[in-house]
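Chemist: I have a structure I would like to understand better, so I am pasting it below and will then ask my questions one at a time.
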Amino acid sequence: MLEQLETLAKTAETELSQLNTSEALSAWNSKYIGRKGQIPQMLRQVSQLPKEERPTFGQRANQLKKSLEAAYEQTSSVVKSAEMEQSMAEGAIDISLPGRPLSRGRLHPSTQTLRRIYQIWADMGFQIYHSRDVETDEMNFQFLNFPPHHPAREMQDTFYTTNPDLLLRTHTSPGQIHAMREFCPEPIRVILPGMCYRNEQITARSEIQFHQVEGLAVGHGIRFSDLKGTLINFTNRLYGQGRPVRFRASHFPFTEPSAEMDVECFLCDGKGCKVCKYAGWLEILGCGMVHPNVLRNGGYDPAEFSGFAFGMGPERITMLRHGIEDIRYFWGNDLRFLKQF
Ligand code: PHE
């Protein structure tokens, strides 16, 4: 049995000297010297030997086991450091190479314009008032004085839900009714920003979703000249002091009288260019005096109160400012576009 042990130890040693990976080493360890390995197994058989042979065998066996363990430790440290060196060589980093730039996130161009608009109106004493994107037909149309067969109510223009009374707002004007009903009978100075939706063909000029910023002032003795003065003040702040503006008569069901406001084209200074289509003017918003029916629907008595409202499109403002020719860029998620702002 002692002989058997010696042979086993020899084999184990020879095998060990040929190993060069840590997986092979750990397999070797469990085969020979681990708890269930062949050497400890043999040690356990010591009881089968005649009494007088046991001490010699036990001594030698322990000796062999110790020396195999030592050999194992040594080989494994050599193998491990070789492996370490190899992995460092493979994953070598050339510290002289230029770094990879981190791309910095930034605000969407529409958000930037919205924030600029909020700031200006806040400076002029207007609060932000948020209202919902999903509206009732009543809020979006009826309370705003849309006659029953107005073309805007067609399926082709409006996104309806499965409930025919619920739709995606086509403009921010229903917020006027919400604000009036909340504040009545106090005076109001609010802007109502938000996303609007229209069931249209998507083209370079029209999207199915876009922002609007609505404005509403209600109080005693508010006149058309207040509307003009306030909006001129706003455009001076947005487009620069002294930029000429003009008001053109227009029509909206919920304002009377109604107007559209143009600023002189700031790209060509009114001389005429591609962006202003050689008109020298850019249309920037719709506005008017709040219609008496709308005041009434909001809870205000038109004999006592009056007000003005306006609505503008931040995407349009951004397009004009930067000469962007296609509105589809805004929600196209093309980083090459977004990174320019
Ligand atoms: N709601 C109008 C539109 O979507 C804009 C507008 C708002 C006009 C308020 C007048 C007053 O075009």
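The values are calculated or read from the model by the stated rules, or taken from the named source; none is laboratory data. Everything quoted here is computed from the prediction, not taken from an experiment. Here the Cβ positions follow ideal geometry from the backbone for every residue, glycine too, while neighbour counts run over all protein chains shown. These accessible areas exclude ligands, DNA and RNA; they are computed on the full protein's heavy atoms, side chains included. Shrake-Rupley method; radii C 1.70, N 1.55, O 1.52, S 1.80 Å.
Chemist: Give the residue list of trypsin sites (Lys or Arg not before Pro) in the stretch 111-188 that are DSSP loop and have at most 14 other beta-carbon atoms within 10 angstrom.
Modeler: Those satisfying the criteria are Arg132.
Chemist: Here's a follow-up. Contour minus end-to-end for Glu85 and Glu23, with contour as 0.36 nm per residue of separation and end-to-end as the Cα-Cα distance?
Modeler: That pair, Glu85 and Glu23, stretches by 20.6 nm at full extension.
Chemist: Could you put Lys65, Lys277, Lys339 in order of accessible surface area, largest first, with the 1.4 Å probe and the full protein assembly present?
Modeler: From most accessible down to least: Lys277, Lys339, Lys65.
Chemist: Give me D for the stretch 196-270 in µm² s⁻¹, whole number, from Stokes-Einstein with Rh from the Kirkwood sum over alpha-carbon pairs, 25 °C and 0.890 mPa s.
Modeler: Numbers: Rh = 14.9 Å.
For the chosen part, D equals 164 µm²/s.
Chemist: Place +1 on the Cβ of every Lys and Arg and -1 on the Cβ of every Asp and Glu in the stretch 2-90, take the dipole about the Cα centre, and give the residue among Thr11, Ala61, Leu25 whose Cα lies farthest towards its positive end.
Modeler: Ala61
Chemist: Quick query: amide H of Thr255 versus all other amide H atoms, modeled in the peptide plane; which residues come in under 5 Å with a sequence gap of 5 or more or a different chain?
Modeler: Close amide H contacts, sequence-distant or interchain: His291.
Chemist: Report, please, the projected area of the stretch 15-171 averaged over directions, based on the convex hull of its C-alpha atoms, in nm².
Modeler: 26.5
Chemist: Give, rounded to the nearest 20 debye, the magnitude of the charge dipole that the chain has about its Cα centre when Lys and Arg contribute +1 at Cβ and Asp and Glu contribute -1 at Cβ.
Modeler: 640
Chemist: How about the chain: what cysteines have no other cysteine beta carbon under 4.7 Å from their own?
Modeler: Within the chain, the cysteines lacking a partner Cβ under 4.7 Å are Cys184, Cys196, Cys287.
Chemist: Do any GluC sites (Glu not before Pro) in the stretch 116-180 lie in a loop, going by DSSP, with at most 12 other beta-carbon atoms within 10 Å of their beta carbon, and if so which? Write out the running numbers ahead of the final one.
Modeler: Values: sites: Glu135, Glu138, Glu154; in loops: Glu154.
In loop regions of the stretch 116-180 (DSSP not H, G, I, E or B), the sparsely surrounded GluC sites (Glu not before Pro) are Glu154.
Chemist: Whole angstrom only: what separates the Cα centroid of the stretch 271-317 from the Cα centroid of the stretch 117-134?
Modeler: Spelled out, the Cα-based centre of one part sits 15 Å from the other.
Chemist: Mind listing the Cα extents of the chain along all three principal axes, in Å, largest one first?
Modeler: Sorted from largest, the Cα extents of the chain read 125, 48, 38 Å.
Chemist: Hey, another quick one. Select from the chain the helices, each a whole stretch of DSSP H, whose alpha-carbon atoms run 24 Å or more along the helix axis and whose Kyte-Doolittle mean is at least 1.0; answer none if there are none.
Modeler: none
Chemist: Report the paramagnetic label zone for Phe266: residues of the stretch 199-242 whose backbone N is under 18 Å from a point 7 Å from Cα along the Cα-to-Cβ axis.
Modeler: Hits in the stretch 199-242 for Phe266 at 18 Å: 213, 230-242.
Chemist: Pairwise over distinct Cα atoms, reciprocal of the mean inverse distance: report the Kirkwood radius of the stretch 78-130 in Å, one decimal place.
Modeler: 16.7
Chemist: Which sequence of Leu49, Leu216 reflects their accessible areas, 1.4 Å probe, from the largest down?
Modeler: Result, largest first: Leu49, Leu216.
Chemist: Compute the FRET efficiency between Arg237 and Ala92 as 1/(1 + (r/R0)^6), taking r as their Cβ-Cβ distance and R0 = 45 Å, and round to the nearest 0.05.
Modeler: Result of the calculation: an efficiency of 0.20.
Chemist: On a C-alpha basis, how far is the centre of the stretch 1-61 from the centre of the stretch 158-202 in Å? Whole number, if you could?
Modeler: Between the Cα centres of the stretch 1-61 and the stretch 158-202 lies a distance of 86 Å.
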